[in-house]
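Contents: one structure, followed by commentary.
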2 protein chains.
Amino acid sequence: MPVGTQATVKSITADELQSLEARIILCNAYHLHLRPGERTIAELGGLQRFMGYPGLVLTDSGGYQVFSLQGNVKIDEAGALFRSHIDGTERQFTPENVIELQEALGSDIIMPLDQPVGADATPAEAAQATARSDRWAARARERHLRQDGRRDQALFGIVQGGFSADLRAQSAQRVVEIGFDGYAIGGLSVGEPKQVMADMLACTAPLLPPDRPRYLMGVGTPYDLVASVALGVDMFDCVLPTRLARNNAAYTSTGRKSIRNAVYSGSSAPLDEACDCPTCMKYPVAYLRHLAMAKEMLAARLLTYHNLRFYLRLMERVRQAIREGTLPALIEEMAALYAHEGAAGKGEETARW
Amino acid sequence: MPVGTQATVKSITADELQSLEARIILCNAYHLHLRPGERTIAELGGLQRFMGYPGLVLTDSGGYQVFSLQGNVKIDEAGALFRSHIDGTERQFTPENVIELQEALGSDIIMPLDQPVGADATPAEAAQATARSDRWAARARERHLRQDGRRDQALFGIVQGGFSADLRAQSAQRVVEIGFDGYAIGGLSVGEPKQVMADMLACTAPLLPPDRPRYLMGVGTPYDLVASVALGVDMFDCVLPTRLARNNAAYTSTGRKSIRNAVYSGSSAPLDEACDCPTCMKYPVAYLRHLAMAKEMLAARLLTYHNLRFYLRLMERVRQAIREGTLPALIEEMAALYAHEGAAGKGEETARW
């Protein structure tokens, strides 16, 4: 899922999302609650109409954003009290109103409020936050199933549990017991070593129903994606292709390229010989470099489109590889090109797992 | 001509320029000389190939930009010595090397170096600068016609003369005597009252050969365009549609709209009911407002496309009005909608002329 936090995949139009065959994107309920507000979007016919985008929209609850408002958030069993980062007004998120918020937005897939486990949490803190998230999950489901609610919006559960296999297993069991339309794995790829992420994923994914989508939140590099698929993951969202594009980096069939590199200054070659996107079909890489050096917004736009095409094409290749039994070869290819990315450092020289 | 100073009409692709039927755009030789350099562009096959744009490109010499480098430019009969605004290196522009620069860029229409007359110039200063521009024009033509030069690039002359009808007439006479493929009227719309611009235009335009294009540089509002056409002008360039788009302003069939206005916050109407551009066909104006409030670059992109469509459609209407003899009505329409824009202030309540 391309990330369109504020109801826009940055620089990209709805028509382009269609030409990219992006059938689902992610928006953020926290951001849209603050601006323009769910009432405005509901009155305009929902997010898809608001954006002119005929595909599906998954909204993240925005719990992650709320809990990142350091010093500006009070959490208790009821929910989270916080101040808008835009105008400072006080707001409350509860497991219930976050469902209503996303119902009003018209999200096709709704994510419940959860309490993330901090990267430096003690085992007791991790257990506490996870247990609360699980209780909130039950409240979210109850609210979503209330009599007067809509029936055409899916609700996913989120497995938490920090970096403890036991906690992960407990959380998975509870969330599956509650029962959701799909299952997300949260709280990973938040700065931990890749091998830790891999271990957590390997012990969590098999506990989730095979007939429901599994969604690994906030992941990842091209290698992370294909390796996670091998562990049973079906869905991802990640800002990497769009954010890196705005920092002048391109994902290509020969590895990541920094487009400001002087080596491209006189090159009439396309950005990626193997790519069929308009950026690669139309422009010499020297032009892209020029735009980047001149800080022209067209650089961000052309690279964003290209990087999204790379990611979505990669997922096409994953689906084909699964059908043809060649996923291991695709994992090797991505490992060779991209496994050095996302290493947590401190002795970790590769992010291969 | 949409303005693409750095070889990009900001935020817009070459394909979009085609779909806008923008058959000619303006780039700036000064900017492209400094970055990426004319040699790079020449080696890549010229500006049009570099940009992936199959239409025509007129390059401004960049004299205006050079002479705007206050305190950093030394002018004598040979040309102008200045420092790059990018890296501080010393450069020289002469009437001759500015022609060679644009020949290397592959410009379809080349503009010669001229010395603008400052808005606060004395009559003697204005006369001196204008006389020098006219001498430089002769040198430019000579260089362009040298034996080993290309023959497929047009060279325009520029009429200067400040705000003196006599000087304008002298300059026009000299420039026409030298003989060019087309004639530009420079040094207007630089802060003078609109009526002064109109007077200068009215006395200059008739002195230029009717069988050659007349190009009014750096003008203007929708009203300025249609009113100038009535005085015999054929070509314009102006940053207004693109720059204002980036400041969240839209040209519409009912006047200029500031898209951040709260009145649009809940509106499902298009930006302009009368417009056929994708921005208007696809998105509710409330979405455009949301993008603008959230400072999303898609706002600039969608408004830029719309404003260019408005301007190019206006010129279509001008051509049709000329054929049908209805130009006066179109001038009245634009006067009602746009004559209040661009008034110089200080008692000038309307920019109608």
Helix B:194-204 axis, angle to chain B major axis (alpha carbon atoms, nearest 10°):
50
May I have the extent of the alpha carbons of chain A along their three principal axes, as whole Å values ordered from largest to smallest?
61, 44, 41
Measuring from the longest principal axis of the C-alpha atoms of chain A, the long axis of helix A:95-105 (C-alpha) lies at a number of degrees, nearest 10, equal to 50
Relative exposure of A:Ile259, B:Ile110, judged by other C-beta atoms within 10 Å (fewest first)
A:Ile259, B:Ile110
Enter the mean projected area of the convex hull around the alpha-carbon atoms of region A:114-218, in nm², rounded to one decimal.
6.4
Count, for each residue of A:8-14, the Cβ atoms from other chains sitting within 10 Å of its Cβ, then give me the mean as a whole number.
5
Expected 222 nm ellipticity per residue - DSSP helices of 4 or more, -39500 (n - 2.57), all of chain B, to 500:
-13000 deg cm²/dmol
Specify the angular offset, from 0 to 90 degrees and rounded to the nearest 10, of the alpha carbon long axis of helix B:123-144 from the longest principal axis of the alpha carbons in chain B.
80
Apply the Karplus parameterisation 6.51 cos²θ - 1.76 cosθ + 1.60, with θ equal to phi minus 60°, to every residue of region B:114-122 and state each ³J(HN,Hα) to the nearest whole Hz, in sequence, with x for glycine and proline.
9, 9, x, 8, x, 4, 10, 5, 6
Position B:Ser267, label points 7 Å along Cα→Cβ, spacing to each other copy in nm (shortest first, one decimal):
4.7
Past 23 Å, Cα to Cα: identify those pairs from A:Lys74/B:Lys295; A:Lys282/B:Lys257; A:Lys10/A:Lys257; A:Lys10/B:Lys282; B:Lys10/B:Lys74, in the order given.
A:Lys74/B:Lys295; A:Lys282/B:Lys257; B:Lys10/B:Lys74
At R0 = 60 Å the Cβ-Cβ FRET efficiency linking B:Gln92 and B:Arg317, nearest 0.05, sits at 0.85
Mind sorting B:Cys275, B:Cys27, A:Cys238 by how few other Cβ atoms lie within 10 Å of their own Cβ, fewest first?
B:Cys275, A:Cys238, B:Cys27
A student applying the Cα gyration tensor rule (rounded when a/c is under 1.5; otherwise prolate if a/b is larger than b/c, oblate if not) would label region A:84-156 oblate
Largest fluctuation, B:His33, B:His340, B:His306 only, Gaussian network model of chain B with Cα springs under 10 angstrom, belongs to B:His340
7 Å from Cα along Cα→Cβ at both B:Gln18 and B:Ala119: what's the point-to-point distance in nm?
4.1
Compute the projected area of the convex hull of the Cα atoms of the protein assembly as shown, averaged over all viewing directions, and report it in nm² to one decimal place.
34.8
Could you check which residue among A:Met217, A:Met235, A:Met281 shows the biggest mean-square fluctuation in a GNM of chain A with a 10 Å Cα cutoff?
A:Met281
Starting with the fewest neighbours, write out A:Thr252, B:Thr279, B:Thr350, A:Thr59 ranked by other beta-carbon atoms found within 10 Å of each beta-carbon.
B:Thr350, A:Thr252, B:Thr279, A:Thr59
Considering the rotation that carries chain B onto chain A, locate the chain B residue whose Cβ comes closest to its axis and report the distance in whole Å.
B:Met297, 3
Taking region B:199-277 and dividing mean pair separation by its residue count, relative contact order in percent (alpha carbons under 8 Å, at least six apart)
22
Largest fluctuation, A:Glu316, A:Glu38, A:Glu333 only, Gaussian network model of chain A with Cα springs under 10 angstrom, belongs to A:Glu316
Using a 10 Å cut-off on Cβ atoms, rank the peptides A:15-22, A:222-229 from the highest mean neighbour count down.
A:222-229, A:15-22
Just to verify a number: FRET efficiency for B:Glu324 and A:Ser258, C-beta to C-beta distance, R0 = 56 Å, to 0.05?
0.50
Shortest-first distances to equivalent copies, position A:Thr122, nm, label 7 Å out along Cβ:
8.4
For A:Arg146, which inter-copy label distances result when the label point lies 7 Å beyond Cα on the Cα-to-Cβ vector, reported in nm to one decimal and in ascending order?
8.2
Full extension from B:Glu177 to B:Gln128: what is 0.36 nm times the residue separation minus their Cα-Cα distance, to one decimal in nm?
15.7 nm
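All of the numbers you see were taken from the coordinates with simple rules; none came from a lab. Small disclaimer: the values here were computed from a predicted structure and weren't measured. Ideal geometry is used to build each Cβ from the backbone, glycine not excepted, and the neighbour counts take in all protein chains shown.
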